[in-house]
1. For region 51-66 and region 93-107, write down the distance between their C-alpha centroids in whole Å.
2. If you place +1 on the Cβ of every Lys and Arg, -1 on the Cβ of every Asp and Glu, and leave all else neutral, what size is the dipole of region 28-147 about its Cα centre, to the nearest 20 Debye?
3. Return the inverse of the average 1/r over all pairs of distinct C-alpha atoms in region 53-103, which is the Kirkwood hydrodynamic radius, in Å to one decimal.
4. Fewest first, what order do F158, F122 take by the number of other Cβ atoms within 10 Å?
5. Placing +1 at every Lys and Arg Cβ and -1 at every Asp and Glu Cβ, with all other atoms neutral, what dipole size does region 92-158 have around its Cα centre, in debye to the nearest 20?
6. Mind putting a number on the dipole of region 94-213 about its Cα centre? Charges go on the C-beta only, +1 for Lys and Arg and -1 for Asp and Glu, and I need it in Debye to the nearest 20.
7. From the C-alpha gyration tensor of region 70-183, pull out the three semi-axes of the equivalent ellipsoid (sqrt of 5λ each), sorted largest to smallest, in whole Å.
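Nothing in this text is a laboratory measurement; each read-out follows from the coordinates by a stated rule. Given the structure is predicted, the values throughout are model-derived calculations rather than measurements. Ideal geometry is used to build each Cβ from the backbone, glycine not excepted, and the neighbour counts take in all protein chains shown.
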Amino acid sequence: MRTLILCIALAGLFVATYLIWGDAFEEMLSGDEAAATLRSFGRWAWAVAILLLISDVLMPVPATAVIAALGVVYGPWLGGLIGCVGAYLAGAVAYGVCRAMGRGAAVWLMGEEQLDKSHTFFVKAGGWTVALSRWMIILPEMVSCLAGLTRMPARLYFTALACGVAPMCMTYAHIGAAGSQSSRPALALAISAALPVLIWPIAQYVVKRRAAR
């Protein structure tokens, strides 16, 4: 029950930031405006994009629009790579901050019994959860926070994070560079959701083999 309340509280926090600042970010980063906004920063456009993607942990930044704009400004491959760095750092920050809170804070928020159950879940199925959540709304930040709070093994988390981040960022950067505005949502969502299903089992096997050694 306390875990459910925590999830609702986290979702409420993300929704609140959207209600307060959502319109401003949408106006600045929607459609062609996103590329124009990045270009206005000149040679530092890549750094601004990374900072925007990191701030998506708490702020209502339209991350996919930023990544697509990176594809426009830097091309599909370099733009996608920059997007991967920003999205990966965002997941790392959420996980790291919540993990640094320590077990005492986690027990206070979730209760000891529920914390142990959640830890078991993230050890067994957390990889799938992290990898498959990246293309969704709100869920990526929530999953990263819970993974850190329950002390999901770092190697497992960061491997799964890469498996979810890379397909999403490369897909949106390529579609942004191609200028396929009409097909972007459906095609990008489909690829971002499907590729981690293929990539994660392989990555999970590699992680387990290395851990066994």
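1. 21 Å
2. 260 debye
3. For region 53-103, inverting the mean 1/r across all distinct Cα pairs yields 11.5 Å.
4. F158, F122
5. 220 debye
6. So the dipole magnitude of region 94-213 works out to roughly 480 debye.
7. In descending order the semi-axes read 32, 12, 11 Å.
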